[in-house]
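So the structure is just underneath, and the comments pick up after that.
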Amino acid sequence: MNQTPQRRLHYIHDLGPRARERLAGAFVLLALGVLVLAVAGRARTAHLFEDRVHYQAVLRNAQGLGPDSRVFVAGIEVGEVSDFRIDDRNRIYLQFYVWKRYQKLLRRDSWGTLARTALIGDAFLDIHAGSPDQPMLADGAWIPVIEPMTPDQLMEKAKPVIEDLQSTIHRVARLLDHIDPATVESGSRDLAAALADLRAISAEIRAGRGAIGRAVYDPAMADDLSRSLASLAASLQQLDRRLTQLGPLLEEVRGVSRQSRELTAQMNQAMRVVNTELQQLPEIVARMQLLLADTERTLQGIQRIWPLSDAIQPAPEELIIAPGSGE
Amino acid sequence: MTTRLALIATLLLLAACVSTPDRRPRDLIEAEQQLGQGTRAFRNDDYRSAAALFRRALDYYRSVDDAEGQARALINLAETALAVDDRHAAHQHLAALTRLSPRLPQTGLAPRIGLLEARLALREGRADEAARLLDGLLARLPEDRRRPEDPLYQALLLRRAEAALAGPTPADAEPRLQPLLPLADRGRLAPEMQARLLRLQAELLLLEDRPDAACAQLEQALAVARQSRRRPAIAAALEALAAQSRHQGRLREAAELLERALPVRSRLLDQAALRRDLESLLALYRELGDGEAERRIQATLARLPAQGPARP
């Protein structure tokens, strides 16, 4: 005969009412204890019950620093920005605090700077820890803050340099584009050949052969050369005199030439201006045509509706010259 | 509240006044406007503009094969040609009208075309032919138009009287003018018609050898023409007065009248009439022995373009 297994009752049903109440109270107390612990833990991490020491700084550009921005000393988070105030000269007065236990890091030679967690991350106030031999900064003390350049300012400063660099790279690239490796190679070969030729010519000269060799090593040839050079000098003197006589004329020609150049430049400039204007002319004409067409359409439209249509449409007898008008 | 209601009522009334837009083709409206503007230009003696406008309208009507429109434009062109005494052009326009005539039975323009033919014949000295044409037109004129108040009937009668005076039977002129006299007395004739009537009456009075009465009629014609500012009528009255003064031996007065007619003729493009006036004036100054005036007129004549019809 099959026998149904008897279900086991929860132990709570075996407990008396008083025990049940105690058990429930224990759970409530446990939950309260966990809550208290959580709050205490949070209060500790949030430094809720820590004493704070307030400091002040003045800035020209907060660079995104705001209330609740963090304050670091030597890479440790030590406090937060608490408030801002802007004076009549648009200077920003910054108030921040550090927790009491970190006060000893801030000394008279401490100074701050504005920084970011990344190039465009959150701004924070980074304070350099002072020397231990310096006195601690008291509550309400001023800390100098160095404002670094903003990324925009940095970019603005770097922009000309980058542009110069870019331009230089472009020039170098263009230069390199024009260099043909084959040409360099053949140039090198030509240079080597030219040097060899030069060497051979030098040897010929040293041997007193050829016109230059004879000129250098043959006394008769040297005399001829001296006479020729003297004659050339006399000719050059004569040419110089002629050129001196031509001086005023050349000056005049130069003046005319300069004036012509200036005139040409002015003409070019004027032509550029005229050309620019002329380039705009077709557009102006086209726009005028459109405007006139629009106006005509509008007028025609107006003339087709009352009361103008009646006023403008001539009567049949007005379309023909009255008989007897002519002599 | 009352003001607002009044405003709304006004707007509703205005909206009710709006007629349907003129939906005819734009070219047709333009052609009609050209005819209207040309007619106004003609009345202002601006024959050049008038002819240009009529020609443009004619081009349009030809392009849509509109016979009645073409006829209107051609009639206006023929009137303009006659105004400047361009007889060649007048012949051409009338020939074109003759070709169109079979297509114009219902338009009522035939008497008008006939009147133009008669005027051209008169201008060319074919008075008999003009009289015959005008008699035919008057006979065929519908009954409802045979009223003295009808401008076409008035014009036909006046031209018929003119043809009679230019022909061998000038006595026929008077009965033609009779129906118009009551209207003239009441001032119901158009100024140019009245001026012409007065000039024709003056001619009749001259035939009756009553020069003083004729002069009075001509003075009256001049006054009517001047009052209406119609240059052709003014010039015609001045010329008629000058002719009468000369006929009566008042040479200096005739010269003065013709001198007054010159600027009027100069304003018109009728160079043939201007030349005719200048030549008459030259002859007068020669008779008067006024050498300086003679030289001045000769110089003016020399400046005129070569003889030939004026082209508007």
Working with all protein chains in place, sort A:109, A:139, B:185 by solvent-accessible area computed with a 1.4 Å probe, largest first.
B:185, A:139, A:109
Under 11 Å, Cβ to Cβ, from residue B:251 - net charge with Lys/Arg +1 and Asp/Glu -1
0
Specify the inter-centroid distance of the stretch A:277-300 and the stretch A:33-63, based on alpha-carbon positions, in whole Å.
72
Give the relative contact order (percent, whole number) for the stretch A:96-154; include only Cα pairs under 8 Å separated by 6+ residues.
39
Using the alpha-carbon atoms, what tilt in degrees (0 to 90, nearest 10) does helix B:251-267 show relative to the longest principal axis of chain B?
30
Report the residue, chosen from A:85, A:241, A:287, that carries the largest GNM mean-square fluctuation when chain A is represented by alpha-carbon nodes joined by springs under 10 Å.
A:287
Using a 7 Å offset from the Cα along the Cα-to-Cβ direction at both residue A:222 and residue B:243, what is the distance between the two label points in nm, to one decimal?
12.6
Go through A:282, A:39, A:11 and say which Cα lies farthest out towards the positive end of the charge dipole of chain A; charges sit on Cβ, +1 for Lys and Arg, -1 for Asp and Glu.
A:11
What accessible surface, in Å², does a 1.4 Å probe find on residue A:261, ignoring ligands, DNA and RNA and rounding to the nearest 10?
150
Heavy-atom accessible area of residue A:221 with all protein chains present, probe 1.4 Å, nearest 10 Å²?
60
For the stretch B:270-288 and the stretch A:223-263, distance of Cα centres in Å:
83
Connecting C-alpha atoms closer than 10 Å in a GNM of chain A, tell me which of A:200, A:38, A:123 has the biggest fluctuation.
A:38
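Ignoring ligands, DNA and RNA, what percent of the accessible area of the protein assembly as shown is carbon or sulfur (1.4 Å)?
57
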Listed residue (A:238, A:259, A:226) projecting farthest to the positive dipole end of the stretch A:221-262, Cβ model:
A:259
Could you let me know the centre-to-centre spacing of the stretch B:202-268 and the stretch A:65-144, using Cα atoms, in angstrom?
115
Of A:143, A:201, which has the most accessible area with a 1.4 Å probe, and how do the rest follow in descending order?
A:201, A:143
Can you tell me the 0 to 90 degree angle between the C-alpha axis of helix B:2-17 and the longest principal axis of chain B, rounded to 10?
70
Counting helices only, and only those DSSP H runs with n ≥ 4, report the 222 nm mean residue ellipticity of the protein assembly as shown as the sum of -39,500 (n - 2.57) divided by its residues, in deg cm²/dmol to the nearest 500.
-22500 deg cm²/dmol
May I have the convex hull volume per residue, in Å³, for the Cα set of the protein assembly as shown?
871
What FRET efficiency comes out for the pair residue B:178/residue B:6, r = Cβ-Cβ distance, R0 = 56 Å, nearest 0.05?
0.40
By how many degrees, 0 to 90 and rounded to 10, does the Cα axis of helix B:271-288 deviate from the longest principal axis of chain B?
20
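Size of the dipole of the stretch B:57-182 about the Cα centre, Lys and Arg at +1 and Asp and Glu at -1 on the beta carbon, nothing else charged, in debye to 20?
On the way: 17 positive and 19 negative charges, 29 e Å.
The dipole of the stretch B:57-182 has a size of about 140 debye.
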Residue farthest toward the positive end of the dipole of the protein assembly as shown, with Cβ of Lys/Arg at +1 and Asp/Glu at -1: which of B:153, A:132, A:144?
A:132
Once you put a point 7 Å from the Cα of residue A:95 and another 7 Å from the Cα of residue B:49, both along the Cβ direction, what distance in nm separates them?
8.6
Sorted list, accessible surface of protein heavy atoms, 1.4 Å probe, largest first, for A:27, A:124 is A:27, A:124
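Over the stretch A:52-148, what is the relative contact order in whole percent, taking alpha-carbon pairs under 8 Å and six or more residues apart? Don't jump to the answer; show the numbers that get you there.
On the way: 230 pairs, mean separation 34.5, N = 97.
It rounds to 36 percent for the stretch A:52-148.
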For the protein assembly as shown, what does the accessible surface come to per residue with a 1.4 Å probe? Please give it in Å².
63
Dipole moment magnitude, nearest 20 debye, the stretch A:52-148 about Cα centre, only Lys, Arg, Asp, Glu C-beta charged
160
Considering chain A as a Gaussian network with a 10 Å cut-off on Cα pairs, which listed residue, A:57, A:315, A:207, attains the greatest mean-square fluctuation?
A:315
Nearest 100 Å², what total accessible surface is buried between chain B and chain A (probe 1.4 Å)?
2600
The protein assembly as shown, dipole about Cα centre (Lys/Arg Cβ +1, Asp/Glu Cβ -1), debye to the nearest 20
1640
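The values are calculated or read from the model by the stated rules, or taken from the named source; none is laboratory data. These numbers were taken from a predicted model, which means no experiment stands behind them. Neighbour counts are summed over all protein chains in view; Cβ atoms, including those assigned to glycine, are modelled from backbone coordinates with ideal geometry. Surface accessibility is based on the protein's heavy atoms, side chains included, excluding ligands, DNA and RNA. Shrake-Rupley method; radii C 1.70, N 1.55, O 1.52, S 1.80 Å.
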